[in-house]
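Asks: Starting off with a structure, shown below.
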Amino acid sequence: MARDRAAAFAPGRVNLIGEHTDYNGGLALPFSIARGVTVRGQRSDEPRISAHAEDLDEHDRFALEDRSPARGWRAFVRGVVAELGAAGLAPGGARLRIGGDLPRGAGLSSSAALEVALCLTLTALRGRRRRA
């Protein structure tokens, strides 16, 4: 069942050992931390995404089918929307507010936390349920 509003939090992560070795077959020991990224969303009837990065006081607005490149945090929002669509989970229009307490560029996986929180929020707005 689709919801009019949804929110999701995703924690940052540090690697105790194995930075960038997990995808090369090496050992890794990551763990989540209490800081993270929260995405709050409200469903919209318009076929577009409107996103506001609260920490930066910056906005982005684009049509759902727009695949034009973007920079910074906007690229992650647009990429998540495109990948959800490619996976058959196309999000509908939404207004998003993004905030968090992870320092950007500190190696705490702020981009991964943003992507996870975006996926969870956008799929909840469309009525998709998480699998346990």
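Values quoted throughout were computed directly from the atomic coordinates according to the rules given, and no laboratory measurement underlies them. Remember, predicted model here, so these are calculated numbers, not experimental data. With ideal geometry, Cβ positions are generated from the backbone for all residues, glycine too; neighbour counts draw on all protein chains shown.
Asks: State to the nearest 20 debye the size of the charge dipole of region 5-125 about its Cα centre, where the only charges are +1 on K and R beta carbons and -1 on D and E beta carbons. Mind showing how you got there, number by number?
Replies: Values: 14 positive and 14 negative charges, 39 e Å.
Value, rounded to 20: 180 debye.
Asks: Can you tell me which of F62, F31, F76 moves the most in a GNM of the chain? Springs connect C-alpha atoms under 10 Å apart.
Replies: Comparing F62, F31, F76 in the GNM, the peak value goes to F31.
Asks: Rounding to the nearest 10 and keeping the result within 0 to 90°, find how far the Cα-based axis of helix 73-86 lies from the longest principal axis of the chain.
Replies: Roughly 70 degrees between the two axes.
Asks: Using only Cα atoms, tell me the angle between helix 110-125 and the longest principal axis of the chain; keep it within 0 to 90° and round to the nearest 10.
Replies: Computed tilt is about 40 degrees.
Asks: Then there is this: Given axes a ≥ b ≥ c from the Cα gyration tensor, I'd like to know whether region 11-107 is rounded (a/c under 1.5), prolate (a/b larger than b/c) or oblate. Before the final figure, lay out the partial values.
Replies: Details: a/c = 2.40, a/b = 1.66, b/c = 1.45.
Note, shape of region 11-107 comes out prolate.
Asks: Can you run phi through the Karplus equation (6.51, -1.76, 1.60; θ = phi - 60°) for region 89-106 and list ³J(HN,Hα) in whole Hz, with x for Gly and Pro?
Replies: Running phi through 6.51 cos²θ - 1.76 cosθ + 1.60 with θ = phi - 60° gives 10, 3, x, x, x, 7, 10, 10, 10, 10, x, x, 10, 8, x, 5, x, 9 Hz.
Asks: Can you tell which of L29, S44, S111 lies farthest toward the positive end of the dipole of the chain, using +1 and -1 charges on the Cβ of basic and acidic side chains (Lys, Arg; Asp, Glu)?
Replies: S44
Asks: Net charge near P103: determine it from the other residues with C-beta under 13 Å of the C-beta of P103, scoring Lys and Arg +1 and Asp and Glu -1. Walk me through the numbers before you get to the answer.
Replies: Details: positive: R35, R104; negative: D55, D101.
Net local charge, P103 excluded: 0.
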